[in-house]
Amino acid sequence: MFVAIIFALIIVGSIVFHFWSPWWWTPVASNWGNIDDTIILTFWVTGAVFVAVCLFMSYCVWAYRYRPDRKAEYKPEDKKLEFRLTWLTTLGVVALLAPGLVVWNKYISVPENAFKVEVVAYQWGWNYRLPGNDGVLGKTSVDLINDENPYGLDLKDPNSKDDILVMDADLHLKINQPVKIELRSLDVLHNFYIPQFRAKMDTLPGIISFYWFTPEKTGEYEILCAEYCGTGHYAMRGYVQVDDEKDYSNWLAKQISFEKMLAKNSGKKLLVAESKN
Amino acid sequence: MRKKEFNIFKLLSEKPWEESQAAIDNEHDGKTLTLSKAKLGVRTIMVVSTVIFSLFIVSYSDRMLVHDWRSLSEPWLLWINTIILIFTSFVFHKAKILSDKNEFEKAKNYLLLVGFLTFAFITGQLLVWQHYVNLGQYASTNPANAFFYLFTAIHGVHVLGGLFFWGRATTKLFTKNFSVLKIKQAIELCAIYWHFLLIVWFILFGLMIAT
Amino acid sequence: MSDEYTDNKIETKSADSSSGSYAPPTENIPAKEAPDQELYHAKSFWTKWVFCQDAKVIGVQYALTATAIGMIGLILSWGMRLQLGFPETFSFLGPATYYQSVTMHGMIMVIYLLTALFLGGFGNYLIPLMVGARDMVFPYVNMVSYWMFLVAVLVLIASFFVPGGPTGAGWTLYPPQAIMPGTPGSEMGIVLMLVSLSLFVIGFTMGGLNYVITVLQARTRGMTLMRMPLTIWGIFTATVLALLAFPALFVACIMMTLDNLIGTSFFMPEIFSMGEKLEYGGGSPILFQHLFWFFGHPEVYIVALPAFGIVSDLISVHARKNIFGYRMMVWAIVIIGALSFIVWAHHMYVSGMNPWFGFFFATTTLIIAVPTAIKVYNWVLTLWRGNIHLTIPMLFSLGFIVTFVNGGITGLFLGNVIIDVPLSDTYFVVAHFHMVMGIAPLMVVFGAIYHWYPLITGRHLNQTLGKIHFWITFVGAYAIYFPMHYLGFIGVPRRYFEMYDSPYMTTGVGLNQFITVAALIVGFTQILFLYNIFTSWYKGEKSERNPWKANSLEWHTPDYPPTHGNFGKELPVVYRWPYDFSVPGSDKEYIPQDVPPSQVPTAKAEQT
């Protein structure tokens, strides 16, 4: 009796905790509210199963507690019941899977007009690159990385000159503009994750991975690396600032392009050479 | 290998609590397969090894598509080693046939020959390694190299494992009283294992030649 | 290797030093019986208790070793929780040590505790007894398999003492970071870990050979596959999975060792690290992930399936009722085992692999939920109209059902690919796998130990301590991991040494502290359990034979506890399945498997 009550209380307690809990996701700041909806649907379906199964179990523990005069039922199987339960479960699974896959399909189908942003991850920080006026990101290679060319941009690629380099932990994005995040890493696996946007994907060395989203609320959002990358993993932070049109243009104007950076560096070199004479 | 009533669907659909089924079950002798335990053991080992080699082959196939792949040159010694291995299988097969006919004196000689040939194979493989090292082709030089060393090493370790059991069987043959059934089984199973390693070698060698 | 076909030699066994009730069968063996298995009879202390070939002793050796290393894993978790709950107060752990604790805790618990305990511990002890065999089919190989396990454990422990310390790469050991300088233990620690795992795989292949072949070929007369207790079905299927899945881990370990030691590039792409381009190039970190998870997912079923099997028997015996839907239970175990090989990439949804794989693996993953759910229904339906003794094994079984349903359901969240996107690598995942793989199987381990302790030692564990152990562990563990899911919803990532001035994650502080306190309480309670085990061994209440009135063969040996050779002069003959409780038409409350029909008075017979 006592035991059954405690079990039932645990179930009830779980439900209470769920609805009362101050620990819950923050409001979604991107277009991926569908993910939240899918999660809520899953909660309803699976929650119902959890509650039903565990409360039924508690009931059985109380109703069929040991009595010396009780004789347990002998029932090796009940084909009809098992059949029905199987179909019910399959239905539940399909109800969860179908919407989930529809949203996943959207996740991997990047819109045509998405603005490309490259995120470069390294131990233990973030750098960014925007495509500049030609809208195309220049090719890069790890072999070409050096002090003057920290991104490893291919100088022979005409698209690379106007790329805008943001060697800062903070990235700015324009509100309501779909963004395709192209991810690469210089060393190990990392993951560019902003909880409020809901989206994430690992960055890998040697491969370019991607995901897309549309920021829908202005604000400052913390970046959390979400793939273990060594002792600095927890400290690999930054911010994504979602700006309105004006603020974004202001920020963009202050950023340096690859061409300008090369000129600045070689300019410095010239100065040094001259001063030696 | 004949399996007894071995349709897994039928097997798992029996109702053990029913009286009619119970009457049938009471006559069951407790074995699912008409195989000896040792044979089943060797087969299981072969399955596990097949999974290992298959995974290495999958990794190889995935890796060889990358641009930095440079195929190794083929030393003729590898062909010699392959022929040795083929010959060994023939000899082992002959040894098995002899032992089936209880001609253990002759079988002894063939088994010794197997041992000698297998050691020759291992030595040959090591010589190939030495050949490559002398050419400066280390495992780290190139992924094709790495896989070559890896494949031959894992295959070689399996051969050495087989040699352990070959050794046990052969030394038993030289003792005064050995169990006839046990020796026959040991020779048969070792032979099967050797044939298995030969097939594995064909696949690995063939794959490396083709790419 | 002893084999069954011993060319018609009559077995003569010398009187051995174990209890003298086993007389040598020098008389005729009935013609229809297969020749008996030749057993090795130990004579000295060393061959009887140390290098012992008796599967029962080997099982206890596995269990003790697994428990010992598990305690180390538990202590490591305390260090982690202290850092997470009270980072300012307990600052003795730096990030490197923290990550080493995370890694070793994970690897120890999954592989060296759970897998070894279920397969090596319970498998060795119970399989021969429950199928009616005298021992495993290859006792010498079985013994070697334990010593390989011990060596693997020692190599793992050695990694704590090498320069650089043990690896801190996370139990998943992903390259490139596992062998790069940003990760602790990337020089020697990782190598010892990989070597230890390889040794473990080789040892468990030897053991697995025994378990599988004993179940297939060494059962006693009348023991069909469908008359085996579900415990055996669970352990058997798990062993088949192990034989097929461990090679993937072995392959991955070998290739990573070569990448580390001799500079091959199986997994290492072009890398620019700490200011210079490395010599590696062309390899694929995703290949490692595929190999690792091709092993890793079946691995969780290797832990879960024995738990499923054992809990079915615990519930059945203690509710005095046949397991509901035995056939479906067997089918479910087999189907789950088979499906477990085609779901692995649900651990890789955000790995950057081809996104189209997401559709396939989400589908297979959610399909596997169906047979699993059926098992849950059947457990609960076994309780329905039963006659439930609330013994400690039953309590733990009930605790299993609650925690397993909870953990399994959060798996449905994560298996659905798009939901995994925000939740992967957060505390939601940590809560999920602890609940479903840590707490739930551990409930079964505890229940099983309370259930079979009388068989192994002839004494009961202290019941009061046991009840305290159950309630604190069950409620406490639930209190640890249920709220943890919500940290995941906030987005708090896993494998974070500390929250590091995050304005976003400060909301989780109170919860972290609560979880830490609960974890310490639950952790210390396990010491109480160990105390119970060790003291009851010599001063526990003596147990009558077959105290739980179970039907399966392990309780019906001539000696109690069973001795070498298990069944005395003659092997038992089986006449029924193990779930004949309250059979209609008979007044017996339970009918053991080796009772022939002639000895079961039916209601009809009584009338005559």
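Under a model in which nothing but the beta-carbon of Lys, Arg (+1) and Asp, Glu (-1) is charged, chain B shows a dipole of about 660 debye around its Cα centre.
For C:137-143, what's the mean count of beta carbons from other chains sitting within 10 Å of each residue's beta carbon? Write out the running numbers ahead of the final one.
Values: counts 4, 3, 0, 0, 1, 0, 0.
Counting Cβ atoms of other protein chains within 10 Å of each residue's Cβ and averaging gives 1.
Projecting the alpha carbon convex hull of segment B:104-143 along each direction and taking the average yields 3.4 nm². Among the listed pairs A:LYS139/A:LYS200; C:LYS375/C:LYS539; A:LYS106/A:LYS217, a Cα-Cα separation exceeding 28 Å is found for C:LYS375/C:LYS539. What distance in nm separates the simple spin-label points at C:TRP46 and A:ALA169, each placed 7 Å from Cα in the Cβ direction? Distance between label points: 6.2 nm. Between the Cα long axis of helix C:230-262 and the first principal axis of chain C there is an angle of about 30°, rounded to the nearest 10. Taking the dipole about the Cα centre of segment A:64-158, with the C-beta of Lys and Arg at +1 and of Asp and Glu at -1, give me whichever of A:PRO158, A:GLY135, A:GLY125 is farthest to the positive side. Going by the charge dipole, the pick is A:GLY125. For segment A:79-157, the set of trypsin sites (Lys or Arg not before Pro) satisfying both a DSSP loop assignment and a count of at most 13 other C-beta atoms within 10 Å is given as A:LYS139, A:LYS156.
Restricted to Cα atoms, chain A shows a radius of gyration and a Dmax of 27.6, 110 angstrom.
Once R0 is set to 56 Å, what does the formula 1/(1 + (r/R0)^6) return for the Cβ-Cβ distance between B:LEU207 and C:LYS542, expressed as a FRET efficiency to the nearest 0.05? The partial results should precede the final answer.
Details: r = 64 Å, r/R0 = 1.14.
In this case the efficiency is close to 0.30.
Helices of chain B meeting both criteria, an alpha-carbon length of 24 angstrom or more along the long axis and an average Kyte-Doolittle score not below 1.6, with helices taken as full DSSP H segments, are B:180-210. In segment C:436-556, the ratio of gyration radius to Kirkwood radius, Rg to Rh, stands at 1.15 when only Cα atoms are counted. Would you report the distance distribution of C-alpha pairs in segment B:101-211 as whole percents per 5 angstrom bin, up to the bin with the largest distance? With 5 Å bins starting at 0, P(r) equals 2, 10, 19, 20, 15, 11, 9, 7, 5, 3, 1. Helix A:258-276 and the longest principal axis of the Cα set of chain A meet at an angle near 40°.
Taking R0 as 35 Å, what FRET efficiency do you get between A:ILE256 and A:ALA114 from their Cβ-Cβ distance, rounded to the nearest 0.05?
Numbers: r = 24 Å, r/R0 = 0.68.
FRET efficiency, A:ILE256 to A:ALA114: 0.90.
Couplings 3J(HN,Hα) for segment A:58-66, derived from phi with the Karplus relation 6.51 cos²θ - 1.76 cosθ + 1.60 (θ = phi - 60°), are 4, 4, 4, 4, 7, 5, 10, 5, 4 Hz, where x marks Gly and Pro.
Close amide H partners of A:ARG65, meaning residues 5 or more places away or on another chain with modelled amide H under 5 Å apart, are C:ILE388. Each residue of segment C:63-77 is assigned a 3J(HN,Hα), and the resulting list reads 5, 5, 5, 4, 5, 4, 5, x, 5, 4, x, 5, 4, 4, 5 Hz, derived from the Karplus form 6.51 cos²θ - 1.76 cosθ + 1.60 (θ = phi - 60°), x at Gly and Pro. Here the translational diffusion coefficient of segment B:1-136 follows from Stokes-Einstein with Rh set to the Kirkwood radius across Cα pairs; for 4 °C and 1.567 mPa s it amounts to 64 µm²/s. Taking every DSSP bridge with both residues inside the protein assembly as shown, close to 75 percent are antiparallel.
Helix C:95-107 axis versus longest C-alpha principal axis of chain C: approximately 30°, rounded to the nearest ten. Backbone N atoms of segment C:321-341 closer than 16 Å to the 7 Å Cα→Cβ label point of A:LYS80 are not found in any residue. For A:LEU171, the residues whose amide H sits under 5 Å from its own are A:TYR239, A:VAL240, A:GLN241, ignoring neighbours fewer than 5 places away on the same chain, with H placed 1.01 Å from N.
At a threshold of 8 angstrom on Cα-Cα distance, excluding pairs fewer than six apart, so keeping six or more, what relative contact order does chain B reach in percent?
Numbers: 144 pairs, mean separation 51.6, N = 211.
After rounding, I find 24 percent.
Which of the lysines could a cross-linker span from C:LYS542 if the Cα-Cα distance has to be under 30 Å and same-chain partners fewer than 8 positions apart are dropped? Qualifying lysines at Cα under 30 Å: A:LYS71, C:LYS43, C:LYS48, C:LYS56, C:LYS321, C:LYS467, C:LYS569, C:LYS588.
Between C:THR535 and A:ARG67, the C-beta separation translates, for a Förster distance of 35 Å, into a calculated FRET efficiency of about 0.55. Which of the lysines could a cross-linker span from B:LYS176 if the Cα-Cα distance has to be under 19 Å and same-chain partners fewer than 8 positions apart are dropped? Partners within reach: B:LYS101, B:LYS106, B:LYS108, B:LYS184, C:LYS9. When a/c is below 1.5 the answer is rounded, else prolate if a/b is larger than b/c, else oblate, so apply that to the protein assembly as shown with a ≥ b ≥ c taken from the square roots of the Cα gyration tensor eigenvalues. It comes out oblate by the Cα gyration axes.
Quick note: the coordinates plus some simple rules give every number you see, no bench work behind them. What you are looking at is a predicted structure, and each value in this text was computed from that prediction instead of being measured. Cβ sites come from the backbone with ideal geometry, for glycine too, and all protein chains shown count toward neighbours.
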